1. Kirkwood hydrodynamic radius (Cα pairs, Å) of region 25-111?
2. Taking loop as defined by DSSP and a crowding limit of 14 other beta carbons within 10 Å, which chymotrypsin sites (Phe, Trp or Tyr not before Pro) in region 1-42 fit?
3. Could you give the spread of the C-alpha atoms of the chain along their three principal axes, from largest to smallest, in whole angstroms?
4. Once the other residues with Cβ under 9 Å from the Cβ of Ala121 are scored (Lys, Arg +1; Asp, Glu -1), what is the net sum?
5. With every protein chain kept in place and ligands, DNA and RNA left out, what is the accessible area per residue of the chain? Probe 1.4 Å, answer in Å².
6. Which value does Rg/Rh take for region 18-64 over its C-alpha atoms, Rh per Kirkwood?
7. Would you mind working out the magnitude of the charge dipole of the chain relative to its Cα centre, with +1 at each Lys and Arg C-beta and -1 at each Asp and Glu C-beta, to the nearest 20 Debye?
8. Seen from all sides and averaged, what is the projected area of the convex hull of the Cα atoms in region 46-166, in nm²?
Amino acid sequence: LRLTATARYADSKLDIDGFPAPLYQFADTAEFQETRQFSGRAGLAGDLGQLSFDAGYAVSDTRREYFDPAFGNDPSFATKGRSHRAELRGQYRISDAWQLDFGADHEWSRYETSFDAQKSARLASGHALLGWHGSGLNLTAGARINDHSRFGSKATFGANGSIDVSDNWRLRASWGQGFKVPTLYQLFSNYGNVALVPETSTS
């Protein structure tokens, strides 16, 4: 068994250019952005013979403030974002040829600005991938279910395989579906668009 913990903190300042009066043409201005970021994760992983796993809990917090000294010392705009994530990944070796990979995660996120109230979302998902790995032939198939508090549930599927056709050649094939929801920043920030919908793909 392995117990791990990581943490990261960053404090940064970014100069911003703009379109100052009276010409309103692009130029260097005194505006700047300050960002403070913290992230951390604690986890437990282990290899128990046929079963191996990695479980953890992570948190991420980002705060940004925008300043324009021409209008005073207080920030003209600010954003706060935070997410919590619990996750589990595992593998069960059923036999020499059969293998089951599985996992689940649950994420809670929230976002707010100086002008907008706090927005929040929850995303839960689980997946399983069953594989057969033989001499010269590998086949896998799996499914994933996502459940989002704002966009509902979506199931996706995938399969792939490979076969040795000679000593120097291997033939591979794969098919899969994808599903990705927009983040709260993409929806509600000053650069966001509330009309965004989840992206889907087939490859």
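The values are calculated or read from the model by the stated rules, or taken from the named source; none is laboratory data. Please read these numbers as outputs of a predicted model, since none were measured by experiment. Heads up, the Cβs are rebuilt from the backbone with ideal geometry, glycines too, and the neighbour counts pull from every protein chain shown. Protein only, heavy atoms only, side chains kept; ligands, DNA and RNA dropped before computing areas. Shrake-Rupley method; radii C 1.70, N 1.55, O 1.52, S 1.80 Å.
1. Working: mean 1/r = 0.0597 Å⁻¹.
Across region 25-111, the inverse of the average 1/r is 16.8 Å.
2. Details: sites: Tyr9, Tyr24, Phe26, Phe32, Phe38; in loops: Tyr24, Phe26.
In loop regions of region 1-42 (DSSP not H, G, I, E or B), the sparsely surrounded chymotrypsin sites (Phe, Trp or Tyr not before Pro) are Tyr24, Phe26.
3. Principal extents (Cα only, largest first): 74, 37, 37 Å.
4. Working: positive: Arg110, Lys119, Arg122, Arg150; negative: Glu107.
Computed value for this residue: +3.
5. Details: 13380 Å² over 203 residues.
It amounts to 66 Å² per residue over the chain.
6. On the way: Rg = 23.3 Å, Rh = 15.3 Å.
Rounded to two decimals, Rg/Rh equals 1.52.
7. Working: 21 positive and 23 negative charges, 138 e Å.
Taking the Cα centre of the chain as origin, the dipole is about 660 debye.
8. On the way: hull surface 49.3 nm².
Mean shadow area of the hull around the Cα atoms is 12.3 nm².
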